[in-house]
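The values are calculated or read from the model by the stated rules, or taken from the named source; none is laboratory data. Predicted model, so just to flag it, every value in this text is computed and none were measured. Cβ: placed from backbone, ideal geometry, glycine included. Neighbour counts: every protein chain shown.
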Amino acid sequence: MGSPLTLFMALGIFLILLYPTTKAFLARRLIREQEMKLDRELSQLEKEEQKAREGHEASQDPAYQELEARRNLGLKKPGEEVIVIVPVQEERQETSDMRQGTAEVKGWWATIFPTFKDWFR
């Protein structure tokens, strides 16, 4: 074997050569990860674009346009009658909300002023 000085110099040269190699490897790895992330984003955007194109094509259909005009704008053809049915559930929900509001007020009142029985004990 060589002298300790020769071994120390060989180790030093090895470490000096290893540093740039490791740095380049880590940089390539980071670039590869970013590339994979961008590929995933690109495929997601391509799917969204395809959906948008399909939606645009469907919106060009006259039957679809008529349906949307009837549904969203309330339009009708001459001689037709439009009947609007209001769901009963909405009315029940409003009544429930009103009751809940009074319950909250009662709960608030009860927290500030305990029952009268407790005052006179």
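Details
- Comparison of THR21, THR6 shows that the only residue that is surrounded by 10 or more Cβ atoms within 10 Å (Cβ to Cβ) and in the same structural domain as GLU68 (by TED's automatic domain parsing) is THR6.
- From the options GLN65, GLN44, GLN50, residue that is in contact with a Ser or Thr (Cβ under 8 Å, 6 or more places away or on another chain), in a helix (DSSP H, G or I), modelled with pLDDT of 85 or more and not hydrophobic (A, V, I, L, M, F, W, C): GLN65
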